[in-house]
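A short worksheet on the structure shown next.
FYI, it's all coordinate maths here, none of it is from the lab. In this text, all values refer to a predicted model and were calculated from it rather than measured experimentally. Positions of Cβ are backbone-derived with ideal geometry, glycine not excepted, and every protein chain shown enters the neighbour counts.
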Amino acid sequence: MFEVLVYVYENYWQGDACPELARLSRKLTAAGFDAEEIQAALVWLDGLNIAAQGARVNRPVRAVSDAMPHAVGMQPQSVDSLRIYPVAEQVHLGAQSLGFVSFLESSGVLPPHMREIVIDRAMAAPGDPVALDDLKIIVLMVYWSFGEEPDALVLDELCDDAQFRIAH
């Protein structure tokens, strides 16, 4: 499934350029992907699309004026808030992936609404626990679904294979 997601990311860089799922399925079949992998990726992408659309509708908003101090939309996360991971998320994501999500969030590059989508899509991904490389693809796909490009250093972290790093 993740090979299909990488292909989609690379070939339809802007999420808006991606064809609807039926047409995408035909293109992926023509590219030589296995039907089972395509189906799993399309189900996963459909869930991503639903989550991203929901987040756009419910994105934190600021008050338009002093007359409307509580504008419609979800409230922004408080600086003092803490995300608690249930046991099911801890087991499925694993310590390495949870640590990476925490790193991205504390670095200020993964806002809370995107973090929740990353976790949701990671929970829908195969693997127990989800491999760190697979989680990085999930993070890229979440950025992709919002039509955003991660900062260059974040993109390097997401695309770099730590196995081949040389310590200086």
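Computed log10 I(q)/I(0) for the range 1-42 at 0.14, 0.26, 0.32, 0.34 Å⁻¹: -0.25, -0.89, -1.30, -1.40, from the Debye equation with unit scatterers placed on every C-alpha and solvent omitted. Counting neighbouring Cβ atoms within 10 Å and putting the fewest first, the residues Ile138, Ile84 line up as Ile84, Ile138. Ordered by the count of other Cβ atoms within 10 Å of each Cβ, fewest first, Ser25, Ser145 give Ser25, Ser145.
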